[in-house]
Amino acid sequence: MLTPTGEIVADAKRRGVGAGAFNVITVEHAEAVVTGAEAAGCAVILQISENAVRFHHGRLAPIAAAAKAVAELSSVPVGLHLDHVESDELFDQAAGNGFGSAMYDASKLEYAGNVAATARAVARGHACGLWVESELGEVGGKDGAHKPGVRTDPDEAAQFVRATGVDALAVAVGSAHAMTTQDARLDHDLIARIRNAVAVPLVLHGSSGVPDDELRAAVRGGLVKVNIGTALNIAFTGAIREAIRRDANVVDPRKYLRDARDEMAETVTHALQVLTAAA
Ligand code: G3H
Ligand code: ZN
């Protein structure tokens, strides 16, 4: 059943477990995430990033409608989240397309600019019932706050949350986006200091590169929403590569997309078991 993201995250926080949020690019991703969550018996969050919208010719509605329909038919609670939104125009389409939440990403701006832009987005988001996530960008560049080596300062984080009114904060604690190896090391002392300074739920981005034991420790330490994208694409593409290796003459996409969807679902089930075993 389609469920507000804020409810899923608040429930996970209360129970001391992680809420898995998985990036959706194709309909098969959405189906796999929900199948994997049903197998684990866990709530889950489907998230569509601005980059994914760009891939769909800049149109949010078709992929959002598909993900929403998959969520509505699920037997577990499923949130719908618009991820890494830099465009105000796209952010303002979230509520009308069924999203319960959005991440407004002004992390490439310097601190004052990030605060001002985020506070404006939070006000607009709250006015239409959205739960809004944001993040601090200490360093500019492609990955903003999620470049390797970047760290969130606990005092600045507390000030940022007060000044913007965000509902959740993405923090830079050692993970990096798009890693294809699982060997990131997190700064657990820093996670504890940020958790003590900030009352809203904390979000870990770039979680595909974080080993399972580090993820469990991060959730025990106070991370709540855990974003996973690349791990699904590794499963998706690996399965297709293998299917084509088995039968180089295959032409029916259902033959290899079925394998890709099954592999992604298994990845989701495993990740949710890790996140919920943390309590
Ligand atoms: O917002 C999405 C995530 O941070 C996903 O990162 O693709 O490195 O797992 P990842
Ligand atoms: Zn991210």
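Data table
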quantity: For the stretch 154-217 versus the stretch 28-45, the gap between their alpha-carbon centres in whole angstrom; calculated: 23
quantity: Antiparallel DSSP beta bridges within the stretch 5-276, percent to nearest 5; calculated: 0
quantity: Integer Hz, Karplus 6.51/-1.76/1.60 couplings in order for the stretch 264-269, x for Gly and Pro; calculated: 5, 4, 5, 4, 5, 4
quantity: The chain, relative contact order in percent, only Cα pairs under 8 angstrom and at least six apart counted; calculated: 21
quantity: Tensor-based shape of the stretch 5-276 (alpha-carbon gyration tensor, a/c under 1.5 rounded, otherwise prolate or oblate); calculated: prolate
quantity: On Cα atoms only, tilt of 111-127 relative to the major axis of the chain in degrees; calculated: 70
quantity: Neighbour-count ranking [beta-carbon atoms within 10 angstrom, fewest first] of Glu28, Glu72; calculated: Glu72, Glu28
quantity: Nearest 10 degrees, 0 to 90: helix 188-197 Cα axis against the chain principal axis; calculated: 50
quantity: Per-residue ³J(HN,Hα) for the stretch 56-63, Karplus 6.51 cos²θ - 1.76 cosθ + 1.60, θ = phi - 60°, Hz, x for Gly and Pro; calculated: 8, 6, x, 9, 7, 4, x, 6
quantity: The chain: calculated mean residue ellipticity at 222 nm from DSSP helix runs of at least 4, using -39500 (n - 2.57); calculated: -15500 deg cm²/dmol
quantity: J(HN,Hα) series, the stretch 71-85, from Karplus relation 6.51 cos²θ - 1.76 cosθ + 1.60, nearest Hz, glycine and proline x; calculated: 5, 5, 8, 7, 8, 10, x, 10, x, 10, 10, 9, 10, 6, 8
quantity: Student exercise, the stretch 191-231 dipole from Lys, Arg, Asp, Glu Cβ charges, in Debye to nearest 20; calculated: 200
quantity: Between helix 230-246 and the chain: long-axis angle, C-alpha atoms, 0 to 90°, nearest 10; calculated: 10
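Each reported figure results from applying straightforward, stated rules to the coordinates on display, with no laboratory input. Nothing here was measured: the structure is a model prediction, and the numbers come from that model. As a convention, Cβ positions derive from the backbone with ideal geometry for all residues, glycine included, and neighbour counts pool all protein chains shown.
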